[in-house]
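First up is the structure itself, then whatever we jot down about it.
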Amino acid sequence: MTIESSLKTIMKGKGYLAILLIAVVAGILIFSTGRFPTGLQTGQTSTQPFTVLLSSNPGETSIPINWNSYSGTGFYRVQIKPSNSTSWTNVADVTTTSHTIASVPIVKKGNTYDTRVLAMSGTTVLTTSNELTVWTAGRTTPPPVITPQLILFSGTTTEHSIPLGWYNNEVAADFFRINIKPTGTTQWQYAGDILEAPFIISSYMVSNVNTLLQPGTSYDIQVIGMKGNVTNHQTLATSNTITMGTNLTSSQQITPNLDVKTNESIAVSWTKYSGASYYKVQIKPSGATAWKHVDYTPYLYHSITAADGIPGLQKNTQYDVKVSAILDTAFGPMIIKDSNTLTVITYNY
């Protein structure tokens, strides 16, 4: 099942789950695999919260959950309690970052529960996750009214993107508006309009300037259900606010390599940059300051020739070649990484 189909299945449900999030962190739940990259470099310490999420719809007596890994943890302790109780029940101690709560006597169909995960080192609790409130399938009465009625959640972040989904509890919206702001600021910024989930935030508008999400930065996000159109509308519901952190800057680089050269062409390839939509290839004579755009390509190679619209390459001449990773955002393409400069001298014949 694809990410999109999974999210749509959740959104079309009639009250089988409620996801109440306090904060959601960088590097959490990968929808398709359940793996969790940390995005941390050696010697860096994460200041982001430890978060547990549903991995799929609860059954009548089962609740599947995932959480992000926590550095220094020996094992994870999964706990659950009825939402009207104050006493937690230990479910399991596991070394993985997922678990399905099942075969637990207190878990019955059609009831509401709180669950959480403790990161443990021996008998020491390193940290405690958020409390995730869910109700199991099989209710004979309508689920409790949730306010707000758009329940926002997220998936795996990258250095420059945050994926979003939301559970729509009967909000008859014509479209949804996504707002974002750096955590600690007060002014919401516009990140885009969409007819339905999912949505990936890569940038947002600040004073009509397309602004890229920055690595290792925390953002607050909300979704608003709108009736009408983008110029004439009213608000039907505003989601909960979640806090997401983009991944810290990774060590990955774009490294161009010379494949073939002649007296009038230069063929180069380069290493893949995770998160790039495509690549921009540029060239200039060494010593010049102005780069000449050669091509946009989704591939990891290109042969620079006169067919690219540049004057014929001169023999026995030194050129600089640069490749840039481009990310498509809701407001247009933006460069997210430049390669080092590859210097090539054409043949003298």
Checklist entry - In a shell of Cβ-Cβ distance under 14 Å around Q79, excluding Q79 itself, what net charge do Lys and Arg (+1) and Asp and Glu (-1) give? => result 0
Checklist entry - Number of Lys-Lys pairs in the range 236-319 under 15 Å by Cα, sequence gap 8 or more or different chains? => result 5
Checklist outcome for this item: In nanometres, the difference between 0.36 nm per residue of separation and the alpha-carbon distance of V94 and Q314 is 72.8 nm
Checklist entry - K315: net charge of surrounding residues, Cβ under 14 Å, Lys/Arg +1, Asp/Glu -1, itself excluded? => result 0
Checklist outcome for this item: Per the 1/(1 + (r/R0)^6) rule, R0 = 22 Å and r from the Cβ atoms of T128 and T235, FRET efficiency to 0.05 is 0.05
Checklist entry - Which of I106, I65, I80 comes first, and how do the rest follow, when ranked by fewest Cβ neighbours within 10 Å? => result I106, I80, I65
Next on the checklist: How would the range 256-345 be classified by its alpha-carbon gyration tensor: rounded, prolate or oblate, with rounded meaning a/c under 1.5 and the a/b versus b/c comparison settling the rest?
Outcome noted: prolate
Checklist entry - Between the DSSP loop rule and a limit of at most 15 other Cβ atoms within 10 Å, which trypsin sites (Lys or Arg not before Pro) in the range 312-349 are left? => result K315
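Since every read-out is calculated from the coordinates, none of them should be taken as a lab result. Computed from a predicted structure; not experimentally measured. With ideal geometry, Cβ positions are generated from the backbone for all residues, glycine too; neighbour counts draw on all protein chains shown.
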